[in-house]
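Just so it is clear, none of the values below were taken in a lab; they were calculated from the coordinates. Note that this is a predicted model, so its numbers are computed, not measured. Cβ atoms come from the backbone with ideal geometry, glycine included; neighbour counts cover every protein chain shown.
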Amino acid sequence: MIKDNLNQIKSKLPKEITLVAVSKTKPSTDILEAYEAGQRIFGENKIQEMVTKYDELPKDIQWHMIGHLQRNKVKYMAHFVDLIHGVDSFKTLLEINKQALKHDRVINCLLQARIAKEETKFGLPFDEIKNILNSKEFSNLNNVKVVGLMGMATFTDNQDQLTKEFSSLYNLYNDLKENNADFSILSMGMSGDYKLAIECGSTMVRIGSSIFGARNYKK
Ligand SMILES: *Cc1c(COP(=O)(O)O)cnc(C)c1O
């Protein structure tokens, strides 16, 4: 079933769009099923859970951290994480840089922008993103590379609102891209809204439940 879901989504995804299969809360056996169907990029939102799965699963998997980051846990994933989507402070960038240096790596990151109306959603205001990218302190970080932006839209069926939120993020991304050769990824869109996100300019979608089924958090 996972294979079928995956193949169906992939068959409809424009080929320049990168699919992150969001496997949070799902067992490694589920991930293997998607892996056997050809999927190599998986997204997790808890560092500890991602580390456990990394240890168990094939080493050519690219692991993306898509959740809110606890700075004191960055060290546990610094040796293998492929892309960190949810960076929402300069302090976190500093910590990622420090841990990446220990492993002689450059870790790719996305800055998370606040686009949703909901207060509960994380992310940086647009002007803070610009301030970080233009700062001297940032230019001194040699072991992190900011390759784009990530955003989560409001949880709503209102297509006008979603379009507004996604488009505002796309416009920011496009502006910043002009002066930043490293920018190539705009991560927006989940199971419920990825088609619209792609229409609005997304280059990377994060899809969980449409591939792996509904999550059960009470286990
Ligand atoms: C869980 C999660 C997703 C995937 O959500 P689905 O609705 O299951 O596709 C995408 N992005 C983030 C940041 C998530 O936490």
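What the table below lists for this structure:
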| quantity | calculated |
| --- | --- |
| Qualifying GluC sites (Glu not before Pro) in segment 1-68, DSSP loop, other Cβ atoms within 10 Å at most 14 | E16 |
| Estimated translational D of segment 128-219 in µm²/s (Stokes, Kirkwood radius over Cα pairs; 10 °C; 1.306 mPa s) | 108 |
| Stokes-Einstein D for segment 2-210, Kirkwood Rh over Cα pairs, 4 °C, 1.567 mPa s (µm²/s) | 75 |
| Local electrostatic count at I198 - Lys and Arg +1, Asp and Glu -1, tallied over other residues with Cβ under 11 Å | -1 |
| Over 21 Å (Cα to Cα) - which of K121/K177; K75/K136; K121/K164 fall in this group | K121/K177; K75/K136 |
| Residue-wise HN-Hα coupling along segment 12-25, computed from phi with Karplus coefficients 6.51, -1.76, 1.60 (Hz; x: Gly, Pro) | 9, 7, x, 6, 7, 8, 8, 9, 9, 7, 8, 9, 3, 6 |
| Choice from F166, F80, F155 showing the highest fluctuation, given a GNM over the chain with Cα pairs closer than 10 Å | F155 |
| Farthest positive-ward along segment 71-219 dipole, Cα basis, beta-carbon charges - from T156, S184, L94 | L94 |
| Extension gain, K98 back to S167 (0.36 nm per residue minus Cα-Cα distance, nm) | 21.5 nm |
| Amide H partners (placed H, <5 Å) of Q112, local residues excluded | V87, D88, L124, M150 |
| Max mean-square fluctuation residue, GNM over the chain, Cα-Cα springs under 10 Å, options N140, N108, N131 | N140 |
| Links that overshoot a 19 Å alpha carbon limit, given the list K59/K145; K98/K145; K10/K117; K24/K102; K53/K102 | K59/K145; K10/K117; K24/K102; K53/K102 |
| Charge-dipole axis of segment 2-210 as Lys and Arg at +1 and Asp and Glu at -1 on Cβ define it, positive-most pick from S168, N140, I17 | N140 |
| Highest-MSF residue in the chain out of S209, S184, S135 [GNM, Cα springs under 10 Å] | S135 |
| Student exercise, segment 2-210 dipole from Lys, Arg, Asp, Glu Cβ charges, in Debye to nearest 20 | 420 |
